[in-house]
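Taking it in order: structure first as C-alpha cells, then the write-up.
The values are calculated or read from the model by the stated rules, or taken from the named source; none is laboratory data. All values derive from a computational prediction rather than experimental measurement. A quick note on method: Cβ atoms are made from the backbone with ideal geometry, for glycine too, and the neighbour counts reach across all protein chains shown. Remember, those area values only see protein heavy atoms, side chains included, never the ligands or the DNA or RNA. Shrake-Rupley method; radii C 1.70, N 1.55, O 1.52, S 1.80 Å.
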Amino acid sequence: MSASRLAPEPVTKIESYGIAPIPVEAQTSRPLDLFRLTFGGANTFATIILGTLPVAFGLSFWASVAAIVTGVVVGALILAPMALFAPRTRTNNAISSGAHFGVVGRALGSFLSLLTAVTFFSLSVWGSGDAIVGLALRLGFDGGDALQAASYGVIAVAVFTVCIYGYQFMLLVNKVAVVACTVIMLLGVVAYGGVFDPSYAGTGSYILGSFWPTWILAVLTVMANPISFGGFLGDWARYIPASHSTRSLLAAPFFAQVATLVPFLFGASTATLVADPNNYVTGLAVVSPLWYALPLIAVALIGGLSTGTTALYGTGLDFSSLVPRLNRVQGTAVVGTLALVLIFVGSFVINMVEALSAFAILIVLLTSPWMVILMIGYVVRRGYYLVDDLQVFNRGEKGGAYWFTRGVNWRAGAAWLVAAIAGLLFANTSIIVGPFANAAGGIDISLPVTLLAAALVYPVMLLLFPEPRGVFGPEGPRFVPARDTVIEQIHQRRPASPETTL
C-alpha cells in the first residue's frame, strides 16, 4: 500500500465519513470494488423478481430473454458514465450534481435517489421475506402472517445494521453475495433442468393487449434496475482515487450490470414453471426440489441484505445532508422506516406487479434525463469540479461557483423538466398512460423521447444562456461558450451546525 494512503477502516467500525469530501488519502478502493458492490447489489432476489415480470406480462420465454438482454445492456450503457464524478468530487452523485443543477437544485438528485431507494429497498425486503415464507412452506413449516412479518423485520433490521456500519461492511457483504448467490442460482440448472421448457409460449394474454407495447414495457421495466444505480454509484466510487483510468471506471458498472443477466434469466426461466407468474414466490416454492429449498433461502437472505444496503445506504447519507439536524444514521432510519411501511402496504393492499412496473417506469423516465444532463455537463466542463464549492449548501452557506441563481442552475433544471414531462406524455404502461401513448401504435416510446429531449434541450440552453466562466477549468469550456461574470463569494446563509459524520 502507498504510504500516502490510509488503511481501510475495519468493518466493525461505524463509518466515519459523511457527505463532506472524504480525504484523498482515504480513497483506498479500486474499480473492482465498485464492480462487486454494483453486481452484489443487483445479484439478488429483487432482480430475480424483476426478471419474472416480462413473463408475468404475458411474453414467451425467448421474447422475455430478448427484452431482458436489451434492457440490461441499454441501461448499463446509460449508467456507466455515472461512475466518473465521485472520484473527482469525493462525495456522492446527488451532491456532485450540484455542479450542474446548483447546490440547492441538486435536491432533485436527492429526490430521485429517495424514490429509487424506497422502491428497491421495499422490493428486496418484500421479495426476500416472501421467498423465505414460501420455501418454509415447501419444507413443511406454515408460519402464516407471523412468519411473513418476522421475515420482513429480520431482513430490514439486518439491512439497517449494515448501513449503520457503512461502506467497508457493505463491501464485505457484497463480496460474499456475489459469489454465494451466483453459485446457488447456477445450481438452478440442475434443480429445474428436467422440467424447464424453453419453448414456453407465454400466458396468451398480454398486459397491454398486444406484443410490441408489452415487449417495450418489459424492456423499460428491466432498464429500471441498471438506471436505479445512477444516483448511488458515487456513494462507493468516492472511495476510488481519481488517478484510475476513465476506461476502468466505465467498465466496472457496465460489466456489473451485464453480470446481472444471471439473476434476471433465473427469474425468467423459473417464472415459466410456476402456475401463476403473478404469484411467483409461492409458485417457485411449489416447484423447487427439497434439496434446493435451503440454498434458495440463503439467496433470499444474502440477496435481500445486499440489495437493501446498496439502496438504503446512499439515501440515508444524502437525506442527512438535506436535513442538517439528522446525521447519517438517523437519515438512514427515517428512510428505512418509510420504506418498511410501504412494504407492508404493498404486501396486503395493492397489486405488487402493477406497482413495481409503475415505479420502475417512473425511475427510468425521471432519472435517465437527469443522468444525461450530468454526462453532458461532465463533457463540457472537461471533468473539472470545485470540491469545496459543492458543499456550500450543506454547510449553511451561499455563494461560490455553483450558486447560480439562488442556488439553482435553471438551465439544467428546465432541461430536466422538459425531458421528464415529454417522457411522461408518451408513456404507455399498465398504470401510467400519457395523452400521446398511441403516437407509435401503442408502443411506448417514452424513453427515447425523454433521452432525446434532454440531449437536445440542455445543450441549447448552454448555447443561448452561457454559464459563468468560473465553473469551467483552466482550459475553458468544451463545445459551448462561457460568460464573464463575478462569482459571489462564499458566505454564511444560516448558523452553521457541526457536521455529524456518522
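Please specify each residue of segment 174-207 satisfying the condition of being open to solvent by 40 Å² or more (accessible area, probe 1.4 Å) and under 19 Å from Asp276 (Cα atoms).
Answer for segment 174-207, where residues must be open to solvent by 40 Å² or more (accessible area, probe 1.4 Å) and under 19 Å from Asp276 (Cα atoms): Val195, Phe196, Asp197, Pro198, Ser199, Tyr200, Ala201, Thr203, Gly204, Ser205, Tyr206, Ile207.
Check Leu456, Leu447 and return the single one that is of a type in the set (A, V, I, L, M), assigned to a helix (DSSP H, G or I) and modelled with pLDDT under 95.
One residue alone meets the criteria, Leu447.
Have a look at Leu108, Leu115, Leu59 and point out the one that is within 30 Å of Pro477 (Cα to Cα) and in contact (Cβ under 8 Å) with a residue 12 or more places away in the chain.
Leu108
Look at segment 425-435 and say how many of its residues are within 23 Å of Val372 (Cα to Cα) and surrounded by fewer than 20 Cβ atoms within 10 Å (Cβ to Cβ).
2
Hey, among the residues in segment 180-215 that are of a type in the set (Ser, Thr, Tyr), under 30 Å from the mean Cα position of the chain (by Cα) and not in a loop (DSSP other than H, G, I, E, B), which one's nearest to Pro54 (Cα to Cα)?
Selected residue: Thr214.
Could you list, in sequence order, all residues of segment 336-386 that are open to solvent by 10 Å² or more (accessible area, probe 1.4 Å), β-branched (Val, Ile, Thr) and at pLDDT below 95?
Thr337, Val341, Val345, Val349, Ile350, Val353
Can you tell me how many residues within segment 392-401 are open to solvent by 40 Å² or more (accessible area, probe 1.4 Å) and closer than 16 Å to Pro21 by Cα?
The number of residues fulfilling the criteria is 2.
Residue by residue through segment 286-303, note down the ones that are closer than 28 Å to Asp33 by Cβ and open to solvent by less than 10 Å² (accessible area, probe 1.4 Å).
Of everything in segment 286-303, those that are closer than 28 Å to Asp33 by Cβ and open to solvent by less than 10 Å² (accessible area, probe 1.4 Å) turn out to be Leu296, Val299, Ala300, Gly303.
Please work out which residue is nearest to Leu32 (Cα to Cα), limiting yourself to segment 53-74 and to residues that are among the small types (Gly, Ala, Ser) and at pLDDT 95 or above.
Out of the qualifying residues, it is Gly71.
Can Val418 be described as more than 20 Å from Leu77 (Cβ to Cβ), at pLDDT 90 or above, of a type in the set (Val, Ile, Thr) and open to solvent by 40 Å² or more (accessible area, probe 1.4 Å)?
Against the criterion (more than 20 Å from Leu77 (Cβ to Cβ), at pLDDT 90 or above, of a type in the set (Val, Ile, Thr) and open to solvent by 40 Å² or more (accessible area, probe 1.4 Å)), Val418 qualifies.
Tell me, please, whether a residue that is within 20 Å of Ala218 (Cβ to Cβ) and open to solvent by less than 10 Å² (accessible area, probe 1.4 Å) can be found in segment 23-43.
yes
Any idea which residue in segment 216-248 is modelled with the highest pLDDT, counting only those that are part of a helix (DSSP H, G or I), surrounded by fewer than 24 Cβ atoms within 10 Å (Cβ to Cβ) and among the aliphatic types (A, V, I, L, M)?
Taking the candidates together, the pick is Val219.
Which of the residues spanning segment 133-148 are open to solvent by 20 Å² or more (accessible area, probe 1.4 Å) and in contact (Cβ under 8 Å) with a residue 12 or more places away in the chain?
Val133, Leu137, Arg138, Leu139, Leu147, Gln148
Confirm whether Phe264 is modelled with pLDDT of 95 or more, open to solvent by 40 Å² or more (accessible area, probe 1.4 Å) and more than 17 Å from Leu135 (Cβ to Cβ).
In short, no.
If we keep just the residues of segment 209-252 that are among the aromatic types (Phe, Trp, Tyr) and in contact with a helix residue (DSSP H, G or I) (Cβ under 8 Å, 6 or more places away or on another chain), which is farthest from Leu365 (Cα to Cα)?
Tyr239
Kindly evaluate Val104 against the criterion of being outside any helix (DSSP H, G or I), more than 20 Å from the chain's Cα centre (by Cα) and at pLDDT below 95.
In short, yes.
Given the structure, is Asp130 surrounded by 24 or more Cβ atoms within 10 Å (Cβ to Cβ) and closer than 22 Å to Val286 by Cβ?
Yes: the conditions hold for Asp130.
Which condition from (1) outside any helix (DSSP H, G or I); (2) closer than 16 Å to Ala99 by Cβ is the one that Met461 breaks?
Here Met461 meets the rest and fails (1).
Taking segment 411-437, which residues are within 12 Å of Leu362 (Cα to Cα) and part of a loop (DSSP other than H, G, I, E, B)?
Ala427, Thr429, Ile431, Ile432
Restricting attention to helices (runs of 4 or more DSSP H) lying wholly within segment 15-92, give those where 3 or more residues are within 25 Å of Leu301 (Cβ to Cβ) and more than 16 Å from the chain's Cα centre (by Cα).
Qualifying helices (runs of 4 or more DSSP H): 45-56.
Every residue, every condition in (1) at positive phi; (2) among the hydroxyl-bearing types (Ser, Thr, Tyr); (3) assigned to a loop (DSSP other than H, G, I, E, B); (4) open to solvent by 70 Å² or more (accessible area, probe 1.4 Å), yes or no:
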{"residue": "Trp403", "(1), (2), (3), (4)": "no, no, yes, no"}
{"residue": "Gly442", "(1), (2), (3), (4)": "yes, no, yes, no"}
{"residue": "Leu451", "(1), (2), (3), (4)": "no, no, no, no"}
{"residue": "Glu475", "(1), (2), (3), (4)": "no, no, yes, yes"}
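Taking the condition of being among the small types (Gly, Ala, Ser) and open to solvent by 10 Å² or more (accessible area, probe 1.4 Å), how many residues in segment 268-285 meet it?
Residues flagged as among the small types (Gly, Ala, Ser) and open to solvent by 10 Å² or more (accessible area, probe 1.4 Å) within segment 268-285 amount to 3.
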